[in-house]
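First up is the structure itself, then whatever we jot down about it.
Bear in mind these aren't lab numbers, they're just calculated from the coordinates by the rules spelled out. Computed from a predicted structure; not experimentally measured. Heads up, the Cβs are rebuilt from the backbone with ideal geometry, glycines too, and the neighbour counts pull from every protein chain shown.
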Amino acid sequence: MSKVLLVHAKGGPPLGHVLSRTAARAEVHLLALSALPPVVADSARRLCVSVVTADAHRSDLVSLIVSRARTVGADAVLTFSEYAVVAVAEACEALGLAGPGEAASLARDKRLMRRTWREHGLSQPEFRSVATEADLYEAAGALPFPLLLKAAWSAGSTAHQIIRSPYEVSTAWRRSREVMAESALLGYAELHVAEAQGHYVVEQIVTGTASDWFDDPGWGDYVSVEGVVADGVFHPVCLSGRMPTVEPFTERAGITPALLSQDAQDRVVELARQAVDALGLRDCGTHTEIKLGAGGRMWLIETAARFGGAMTVPQIEDVFGLDLVGMLVDHLLGRPVEWPEQALTPADAHGAAGSLVVLAVDGDGEAWHDRKVWDFPAVTRDIPLSPGSELSVVAESSLPDGSVVPVYDPAGGANTMAALCLLSATDARTVLRDFETLVDALPRVLPAARTEEVAV
C-alpha cells in the first residue's frame, strides 16, 4: 500500500476530516508540529500507522520532514496548514516527490506574491513592502489613505491594522508586531522562515461592491476560487461566497456555492487562473481570494498553495460530492484523477453549506455588550433555523461548552473566535439567511458569564 507522510500544524481544514480521507487512500504516517486536537487524538492513533510529535520551531524543519519521510518510506508528503506549506514544499523537492514546487514561497509571502502579480500586470491594490516603522511612514506618504497593514506571512486576518491617517502609523506598527508575537506563542505563525515575523506589506484599501455581483443583499464583497494545480495545470473547482467581514477584515462566514451569474463566475475564475499561473505552482491545492468592485472591477487579495481553511473542503464535498483531500492524495501518488473540466456552478450543486466563525460581534460589527459563555446546545435549542437546515459544531475548532467567549480583538482576527459551526441547507440563500439569524441571536441566547468566570 502507498505511504503518505501527513505534516500537521495549526490551521487548514479540520484534521479529523483530512485524516479519514487520506487514510482511505494510503497508509498514513502523521508528523505533528503542533498538538493534536484532543477530540481527534484517538482517531489519529486508529487511522495512522505512526504518530510522531516534533518541535515545530527547529531550525532544520525541512531536514526533519525529509528524515521522517525516508524513515517511513513515504511515497508522498503533504500538509494542509498554511504555516507548514513552504517547509513541506522544500522537503518534497529534496525527496524528488510531487509538491507545490519552489514557487511555494510566492504563494506564502504576501510581498513576493504581490511583486509577482505586479510583474504580470494583474489587478490588485497598490502596495509597498515594509520591514521597519520608517518604511511604513514612507509608504504612508506614497499611498492614498486608508491603508491596510498586513503581516506578510500571516493567515486568518491576524495582525491586520487599518491606518486612516499618518498619526496612526506608529500605533498600527506596534500593535501588528505585538499580535504576531502573541500568535507565534499560540502556534499561529510561519514555522520555517525564522525572520517571517519582521516582514509586512501595506496596501491601499479598495472599495468593494457586492450589490453589483449578487442579486440578494447580505453577501460580502469578495469570493474565493477553490482549485488545484496538477502537473502545473490549474483546475478551478468552484467558488465560495462570504458574509461581510468584521472590521478590519476578519472573515465571519464562508458559503458554498457563491451565487454569481455564469458570466461573473467566468470572469472571476479567469483572474484566479492568471494569478495561480503567474506564481508557477506545480502540484497542490489552491485558494484564491478576489475582491469584487463596481462596474465589474476585481482585485486579487491573495492565493494560497493549499486548500481553503475552516470548513471549505468539507463544504465542497457536501455540496458537490468531491473529496478534494482524497483526490489530491491520489494525484500526489501518481494515480489518475478526473478534475472538473471547469469550475462547478450553483446549477451543479446539491444544496449548500457554510461555515460560521463565532465572534463576540453582532451583525452591525459592534462588540457584544456583555460577556457570554459558549453553549452549543442552547444555540440549537433556542435559535430557529429554516426547514431542512442542519447545524453542527466543529469540535476540534471550537471551545468546549461552558467556556467564556473571548472578547473580539480586531488585530487578533480569527484568533479570538469561540467556535466554528457548519450549516447544511437547501440552497445558498438559505445558508446566508440562517447565518444572519444566528449572528443576531447569539448574544441573546448564550448564557451570561459569571464574574468569576470572566476573571479567570
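Where Lys and Arg each count +1 and Asp and Glu each count -1, what net charge lies around Asp283 among other residues with Cβ under 15 Å from its Cβ? Intermediate values should be presented prior to the final figure.
Values: positive: Arg282, Arg306, Arg335; negative: Asp75, Glu90, Glu93, Glu102, Asp231, Asp277, Asp330.
Local charge sum for Asp283: -4.
Which FRET efficiency value, to the nearest 0.05, do you get for Arg115 and Thr53 by plugging their Cβ-Cβ distance into 1/(1 + (r/R0)^6) with R0 = 51 Å? Walk me through the intermediate numbers first.
Values: r = 37 Å, r/R0 = 0.72.
Approximately 0.90, to the nearest 0.05.
Kindly identify the range 29-186 as rounded, prolate or oblate by the Cα gyration tensor criterion: order the square roots of the eigenvalues as a ≥ b ≥ c, call it rounded if a/c is under 1.5, otherwise compare a/b with b/c, prolate if a/b is larger, else oblate. Provide the component values of the computation, followed by the final result.
Values: a/c = 3.01, a/b = 1.88, b/c = 1.60.
Note, shape of the range 29-186 comes out prolate.
State log₁₀ I(q)/I(0) for the range 217-348 at q = 0.14 Å⁻¹ as given by the Debye formula over alpha-carbon point scatterers of equal weight, solvent excluded.
The Cα Debye sum returns log10 ratios of -0.58.
Mean 1/r over all different Cα pairs, inverted: what Kirkwood radius does the range 126-204 give, in Å?
12.4 Å
Kindly provide the helix-only [θ] at 222 nm of the chain, computed as the sum of -39,500 (n - 2.57) over DSSP H runs of four or more divided by all residues, to the nearest 500 deg cm²/dmol? Could you put the intermediate results ahead of the total?
Numbers: 13 runs with 146 residues, N = 456.
Mean residue ellipticity at 222 nm (helix-derived): -10000 deg cm²/dmol.
Checking the a/c ratio against 1.5 first, then a/b against b/c, what shape does the Cα gyration tensor give for the chain?
On the way: a/c = 1.21, a/b = 1.10, b/c = 1.10.
Rounded, because the longest to shortest axis ratio a/c is under 1.5.
For the modelled label position 7 Å from the Cα of Thr207 along Cα-to-Cβ, which residues of the range 127-169 have backbone nitrogen atoms closer than 15 Å?
The answer is 144-147.
Count the net charge of all other residues whose Cβ sits under 10 Å from the Cβ of Ser261, scoring Lys and Arg as +1 and Asp and Glu as -1.
Working: positive: Arg267; negative: Asp215, Asp263, Asp266.
Computed value for this residue: -2.
Test of the criteria: in the range 266-316, which GluC sites (Glu not before Pro) are in a DSSP loop and have at most 16 other Cβ atoms within 10 angstrom of their Cβ? Let's see the in-between values first.
Values: sites: Glu270, Glu289, Glu302; in loops: none.
Hits after loop and neighbour filter: nothing returned.
Let's test the formula: R0 of 22 Å, r as the Cβ-Cβ distance of Ser2 and Ala94. What FRET efficiency results, to the nearest 0.05? Each step should come with its number before you reach the end.
On the way: r = 20 Å, r/R0 = 0.89.
Plugging the Cβ-Cβ distance into 1/(1 + (r/R0)^6) gives 0.65.
Tell me, how many Å apart are the Cα centres for the range 385-445 and for the range 198-238?
22 Å
Could you compute the net charge surrounding Val229? Neighbours are other residues with a C-beta less than 14 Å from the C-beta of Val229; K and R count +1, D and E count -1. Intermediate values should be presented prior to the final figure.
Details: positive: Arg273, Arg282, Arg306; negative: Glu102, Glu226, Asp231, Asp277, Asp283.
Summing Lys/Arg as +1 and Asp/Glu as -1 gives -2.
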